[in-house]
Amino acid sequence: MGRHLYFFMIIEDEKVVLNLANELGDYIIDDRGFILSQDEIVCPQLFRFYIAAQNSKVIIKDNGFVDSYRSDIIEFKRSMTRSSNKMDCGRIWVEMNYYDESGNSMTKEKWLSDRFEKYRKIIKINCRISKSKSFYVGNQAYTQYKTGNLKLMAGPILEVEVE
């Protein structure tokens, strides 16, 4: 079963996550498994990337894309701003159980869960929590929200409120 945390962050807010990755010696890969440079990571067109540790097993499927269920990686899906200044939530997610090629249920090693907790904790420490307690909001996204320049959306019509 996977573990996740939903958030609203703009690229400036994401730096706490990227700084932690740097401190831990982790690296960032795209959906094809290629290691990204710092410039590529902060490119706003990059919708999703993965955080991998030095000992991560990264599996590429036959179609050439990362197998996020079987690989030892943490998915980071960006908050995306669409027209009319509505921001869709992002998430950080890790899958801890999967089925191998024979259909056997497999559980990933505890170090990956511990690594995910470090990222989850840094987000919780550096972000505000929504009124519903379901979403975290980065400081820069919160500033734009408070000035009325940004609507935080949990779905197509469900707006998230932050105090």
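Data for the structure
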| quantity | calculated |
| --- | --- |
| Scan of region 60-77 for residues that are surrounded by 17 or more Cβ atoms within 10 Å (Cβ to Cβ), without any contact (Cβ under 8 Å) to a residue 40 or more places away in the chain and not in a loop (DSSP other than H, G, I, E, B), ordered by number | 66, 75, 77 |
| Residue under evaluation residue 105, criteria (1) in contact with a Phe, Trp or Tyr (Cβ under 7 Å, 6 or more places away or on another chain); (2) within 19 Å of residue 68 (Cα to Cα); (3) surrounded by 12 or more Cβ atoms within 10 Å (Cβ to Cβ), criterion not met | (3) |
| Output for region 115-163, where each listed residue is in contact with a Gly (Cβ under 9 Å, 6 or more places away or on another chain) and either within 20 Å of residue 51 (Cβ to Cβ) or β-branched (Val, Ile, Thr) (or both) | 123, 126, 127 |
| Residue 115, sole failed condition from (1) within 30 Å of residue 158 (Cα to Cα); (2) among the basic types (Lys, Arg); (3) touching a residue at least 40 places away in the same chain (Cβ under 8 Å) | (1) |
| Hits in region 20-49 - residues which are of a type in the set (Asp, Glu) and more than 20 Å from residue 68 (Cβ to Cβ) | 23, 39 |
| Failed item, numbered, when residue 26 is tested on (1) among the acidic types (Asp, Glu); (2) in contact with a strand residue (DSSP E or B) (Cβ under 8 Å, 6 or more places away or on another chain); (3) surrounded by fewer than 16 Cβ atoms within 10 Å (Cβ to Cβ) | (3) |
| Members of region 129-146 that are closer than 18 Å to residue 11 by Cβ and either touching an Asp or Glu at 6+ places or on another chain (Cβ under 8 Å) or surrounded by fewer than 16 Cβ atoms within 10 Å (Cβ to Cβ) (or both) | 138, 139, 140, 141, 143 |
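Every read-out reported here was derived from the displayed coordinates using simple, explicitly stated rules and does not represent laboratory data. Owing to the predicted nature of the structure, the values given are computational and were not obtained by experimental measurement. Note: ideal-geometry Cβ built from the backbone for every residue, glycine included; neighbour counts use all protein chains shown.
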